[in-house]
Amino acid sequence: MCGIAGIVRFERAARVEPLLVEAMTDALWHRGPDDSGAYVEGNVGLGSRRLSIIDRSGGRQPLYDEDGSVALVCNGEIYNHRELRAALEGRGHVFRTHSDCETLVHAYQDDGERFVARLRGMFGFALWDRRRRRLVLGRDRLGIKPLYYHVGRDFLAFASEIKALQEVPGVPSEVDPEALDLYLSLRFVPGPRTLFRGIQKLQPGHLLVWDETCVRLPRYWDLAPAEATAGSDHELVRRFGEALESSVDSHLMSEVPLGLFLSGGLDSTTMLAVMSRLAQGRRVSTFAVGYQTSSREGNEANELDFARLAAERFGADHHEIRLEASDWKDALPRLVWHLDEPVADPACLPLYFLSREAREHVTVILSGEGADEILGGYGIYGRMLSLERLRSKLGAGASRLLAPLAAALLPGDKLPHYARLGGLPLEARYRGVSRAFHADWKARLLGRDAAAVSDGPLDEVFDPYFAAFAASSSPLDRMLYADVKVWLPDDLLVKADKMTMAHSQELRVPFLDHELVELALALPQHLKRRGATGKIALRRAMQGVVPAPILKRGKKGFTTPTSSWLRHELRGFTRELLLASDSACRSWFDIDAVEQLVEQHERGVAVRDDELWSLLVFETWHGVFVERRFRPERRSEVRRRAGTAVAAG
């Protein structure tokens with residue numbers, strides 16, 4: 001079930017028009033092309049679009065309890081639904097379908113809001129309780145599935161994607177300047193904000209509960225600091241490997257074909273190894289992406305050789321695509337439309353095209369997302385830990401002595417920023433995996449005095465998470481916790497969900513099963529990261545299973561030749577879009593600063609691909625959602641022009 005939307009009007013005498021719910025769910029047809037359904041009664045309306053995966057013939061939504069007093073629409077999968085169903089039937093509940101999501105209705109009857117703690121899966125749901133006149137929205141623990149909402153003067157609207165909210169009169173399509181400041185820093189907007197004023201994300205591990213007295217946002221789950229799990233390294237690695245296999249096994253439930261995104265890195269190759277073992281002789285369909293580029297830098301982004309090595313080792317049914325710069329330019333408006341929020345992560349583009357190819361073969365796709373965030377895989381963790389160890393030894397003189405060392409350890413044209421931060425404590429220094437504009441360049445871009453621009457908004461985002469994981473936790477665990485709370489749901493998982501759902505494909509991420517995440521957090525630090533090497537427990541668990549060249553590789557990431565293309569193939573496109581006489585950049589930023597960034601990157605004076613890609617995505621997003629220059633055809637509009645009646649409900 002892959003797209004939900006709805007509205008509740010605060011006045012009991014008000015009415016929700018069925019056509020409004022239809023318009024909201026119609027905006028989500030790509031998330032669920034197989035079916036649609038709605039519940040509309042008085043001042044409440046719920047709608048869904050369905051991608052049929054479990055109980056394909058009988059699992060239509062909305063779903064109801066025995067007497068119809070509770071109605072539910074749900075996006076996602078409940079991996080422990082069989083165990084829940086058996087327990088609920090043992091207590092007398094009568095199920096109407098074999099849908100995994102129906103367990104939510106009956107569990108709510110038993111436990112009220114507390115039922116969500118029993119779920120193991122990925123989900124965004126809306127539940128209407130007619131007797132209590134209560135709306136309950138919920139999002140999974142890690143934020144794998146998105147859920148947005150707007151609280152207006154006289155209504156509350158929600159949806160899996162923002163474009164569905166924009167079908168509701170009174171929902172704004174305006175830029176939030178404070179969120180724009182955060183976007184410039186991070187290349188995404190951390191929750192609960194979005195770049196739209198008045199539209200928010202329901203945070204992972206939270207509910208939104210509305211009744212006729214108030215709106216509440218209770219948290220039902222969080223990671224907590226934990227003592228390192230006792231046991232020998234061998235025993236802990238064995239337990240981790242078993243938990244990982246259990247997670248993958250649960251994620252394979254499906255009544256439709258499924259496959260795997262294969263990069264040739266450790267994480268996706270591990271997925272292939274485990275899937276192949278569980279498949280019992282059936283070949284796993286794998287999908288990899290490479291690039292057509294003339295530059296050495298661009299060719300270095302290709303990982304197809306490693307993907308082929310992994311596919312051959314495990315006998316996969318392997319598929320490849322190659323992209324060139326023109327693919328990116330032509331697809332950018334549609335890609336940004338599907339994202340809803342501007343997410344300037346270049347990996348969105350290969351993921352979009354890879355999903356399009358994979359959807360020709362499979363409906364469900366698995367990936368290795370999440371391993372780096374739970375096991376310390378990114379190189380920045382090692383650099384920050386090196387600075388932290390030196391800072392603890394140097395004491396009061398750290399700030400004076402560590403500034404030049406930070407400059408030596410960290411990337412070239414970011415030196416002034418890192419030199420300033422070198423002697424600061426971890427909680428003031430670490431602001432996540434992803435950065436675009438640092439304070440000095442942000443000041444130039446916004447046309448402000450440098451002294452008036454700071455990373456204060458970032459501090460407001462990250463400080464509470466560092467405070468939650470206080471000094472009793474290791475520095476690595478504190479960084480991992482911050483990234484699980486910010487980077488993971490608001491960049492990595494946004495692009496994973498939106499780029500696959502653009503092609504009506506469901507993506508699953510076994511590394512982010514919450515029980516596996518909790519186990520990984522409790523591993524001692526030396527089984528997560530040691531020196532320049534991360535994901536130690538995973539490497540040890542896969543010793544002798546994953547091919548040695550892949551096992552020994554450093555962290556590569558979903559690399560793209562963005563820097564090369566922006567300097568060469570996309571050079572004219574970049575100038576035309578950002579520096580046009582009517583560009584959004586001219587309205588929001590100092591255009592001289594924008595032009596300086598373009599010229600620095602073109603001439604090779606500095607590497608500005610992160611900054612330029614952030615501006616290109618913002619420019620396109622502004623054109624799509626604020627100026628409304630681009631609007632993809634909807635399935636219903638195509639059918640109407642063909643003279644075919646649109647099926648209702």
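In the structure shown, do any of 145/552; 329/498; 163/535 have a Cα-Cα gap over 29 Å, and if so which? Show your work: numbers first, answer last.
Details: 145/552 32 Å; 329/498 18 Å; 163/535 38 Å.
Violating the 29 Å limit, Cα to Cα: 145/552; 163/535.
Using a probe of 1.4 angstrom, how much of the accessible area of the chain is carbon and sulfur, in percent? The partial results should precede the final answer.
Values: 11650 of 24150 Å².
Carbon and sulfur: 48 percent of the exposed surface of the chain.
Rounded if a/c is under 1.5, else prolate if a/b beats b/c, else oblate: with a ≥ b ≥ c from the C-alpha gyration tensor eigenvalues square-rooted, which is segment 270-393?
Working: a/c = 1.76, a/b = 1.19, b/c = 1.48.
Here segment 270-393 falls in the oblate category.
When a/c reaches 1.5 or more, the comparison of a/b and b/c decides; with that in mind, is the chain rounded, prolate or oblate per its Cα gyration tensor?
On the way: a/c = 1.42, a/b = 1.22, b/c = 1.17.
Verdict is rounded for the chain.
So for the chain, averaging the separation of alpha carbon pairs under 8 Å that are six or more residues apart and normalising by length, what relative contact order in percent results?
Numbers: 1221 pairs, mean separation 98.7, N = 649.
Averaging sequence separation for qualifying contacts and normalising by length gives 15 percent for the chain.
Looking only at Cβ-Cβ distances, which cysteines of the chain have no other cysteine closer than 4.7 Å?
2, 214, 348, 585 - these cysteines have no disulfide-compatible partner (Cβ-Cβ under 4.7 Å) in the chain.
Need the full-extension length gain, residue 87 to residue 571, defined as separation in residues times 0.36 nm minus the C-alpha distance. One decimal, nm. Before the final figure, lay out each step's value.
Working: separation 484, 0.36 × 484 = 174.24 nm, distance 6.05 nm.
Gain on stretching residue 87 to residue 571: 168.2 nm.
By the scheme Lys and Arg +1, Asp and Glu -1, what is the net charge of all other residues having a beta-carbon under 11 Å from that of residue 92? Before the final figure, lay out the partial values.
Working: positive: 91; negative: 66, 89, 110.
So the environment of residue 92 carries a net charge of -2.
So what is the relative contact order of segment 63-191, in percent, for Cα pairs below 8 Å that sit 6 or more residues apart? Before the final figure, lay out each step's value.
Details: 170 pairs, mean separation 25.5, N = 129.
Result for segment 63-191 is 20 percent.
Can you tell me what share of the DSSP beta bridges in the chain is antiparallel? A percent to the nearest 5 is fine.
Values: 51 of 68 bridges.
Close to 75 percent.
DSSP loop chymotrypsin sites (Phe, Trp or Tyr not before Pro) in segment 24-102 with at most 16 other Cβ atoms within 10 Å of their Cβ, which ones?
Passing sites in segment 24-102 are 95.
If you count, for each residue, the other Cβ atoms within 10 Å and average over each peptide, how do 150-157, 243-250 line up from highest to lowest?
Working: 150-157: 16.5, 243-250: 19.0.
Order by mean packing, descending: 243-250, 150-157.
Residue 211: net charge of surrounding residues, Cβ under 10 Å, Lys/Arg +1, Asp/Glu -1, itself excluded? Could the numbers behind the result be given before it?
Details: positive: 132, 133, 134, 216; negative: 129, 212.
For residues surrounding residue 211, the net value is +2.
Rounded to the nearest 10 Å², what accessible area does residue 582 show when all protein chains are kept and the probe is 1.4 Å?
100 Å²
Treating only the Cβ atoms of Lys and Arg (+1) and Asp and Glu (-1) as charged, compute the dipole magnitude of the chain about its Cα centre; round to the nearest 20 debye. Walk me through the intermediate numbers first.
Details: 86 positive and 90 negative charges, 154 e Å.
My answer is approximately 740 debye.
Apply the a/c threshold of 1.5 to the C-alpha gyration tensor of segment 316-385 and tell me whether it is rounded, prolate or oblate. Show your work: numbers first, answer last.
Values: a/c = 2.09, a/b = 1.37, b/c = 1.53.
Oblate, because a/c is 1.5 or more while a/b does not exceed b/c.
Positive end of the charge dipole of the chain (Lys, Arg +1 and Asp, Glu -1 on Cβ, about the Cα centre): tell me which of 425, 542, 251 has its Cα farthest that way.
Positive-end residue among those listed: 542.
Using a 1.4 angstrom probe and counting only protein chains, how large is the accessible area of residue 237 in Å², to 10?
Rounded to the nearest 10, that gives 20 Å².
Lys/Arg Cβ at +1, Asp/Glu Cβ at -1, dipole of segment 209-364 taken about the Cα centre: which of 281, 240, 226 is farthest positive-ward?
After comparing all options, I get 281.
Taking the mean number of other Cβ atoms within 10 Å as a proxy for protection, how do you rank 434-442, 172-180 from highest to lowest? If you can, show how the numbers build up before the last one.
Working: 434-442: 20.2, 172-180: 15.9.
The packing order, highest mean first, is 434-442, 172-180.
Under 5 Å between amide hydrogens, which residues at least 5 positions from residue 202 or on another chain qualify, with H placed 1.01 Å from N in the peptide plane?
Amide H neighbours of residue 202, under 5 Å, 5+ apart: 147, 148, 149.
Which of the GluC sites (Glu not before Pro) found in segment 188-240 are in a DSSP loop and have at most 14 neighbouring Cβ atoms, other than their own, within 10 Å?
Details: sites: 212, 227, 235; in loops: 212, 227.
The qualifying sites are 212, 227.
Can you figure out the FRET efficiency of residue 14 with residue 69, using R₀ = 22 Å and their beta-carbon distance, to the nearest 0.05? Walk me through the numbers before you get to the answer.
Values: r = 21 Å, r/R0 = 0.94.
About 0.60, to the nearest 0.05.
Mind giving me the FRET efficiency for residue 357 and residue 393? R0 is 56 Å, r the Cβ-Cβ distance, nearest 0.05 is fine. Before the final figure, lay out the partial values.
On the way: r = 51 Å, r/R0 = 0.92.
Once rounded, the FRET efficiency stands at 0.65.
Quick one: Karplus J couplings for segment 262-271, per residue in order, coefficients 6.51, -1.76, 1.60, θ = phi - 60°, nearest Hz, x for Gly and Pro?
Per residue, the Karplus-derived 3J(HN,Hα) values read 10, 8, x, x, 4, 5, 6, 5, 4, 4 Hz.
How far apart, in nm, are two points set 7 Å out from the Cα along the Cα-to-Cβ line at residue 34 and at residue 428?
Computed distance between label sites residue 34 and residue 428 equals 5.4 nm.
Between residue 334 and residue 211, 0.36 nm times their residue separation minus their Cα-Cα distance comes to what? Present the calculation step by step, with values, prior to reporting the outcome.
Values: separation 123, 0.36 × 123 = 44.28 nm, distance 3.74 nm.
Full-extension gain reported as 40.5 nm.
Taking θ as phi - 60°, what are the ³J(HN,Hα) couplings along segment 528-542 by the Karplus curve (6.51, -1.76, 1.60), each to the nearest whole Hz, with x for Gly and Pro?
Result, rounded to whole Hz: 10, 9, 9, x, 8, 10, x, 6, 4, 4, 5, 4, 5, 5, 9.
Provide the per-residue ³J(HN,Hα) series for segment 594-608, in order, calculated from phi with Karplus coefficients 6.51, -1.76, 1.60 and θ = phi - 60°, each as a whole number of Hz, with x at glycine and proline positions.
4, 5, 5, 4, 4, 5, 4, 6, 4, 7, x, 5, 8, 8, 10
Expressed in nm to one decimal, what extension gain is obtained for the pair residue 459 and residue 283 from 0.36 nm per residue of sequence separation less their Cα-Cα distance? Let's see the in-between values first.
Values: separation 176, 0.36 × 176 = 63.36 nm, distance 4.80 nm.
Stretched fully, the residue 459-residue 283 segment lengthens by 58.6 nm.
The values are calculated or read from the model by the stated rules, or taken from the named source; none is laboratory data. The structure displayed is predicted, hence computed values, not measured ones. Note: ideal-geometry Cβ built from the backbone for every residue, glycine included; neighbour counts use all protein chains shown. Note: areas computed on protein heavy atoms with side chains; ligands, DNA, RNA excluded. Shrake-Rupley method; radii C 1.70, N 1.55, O 1.52, S 1.80 Å.
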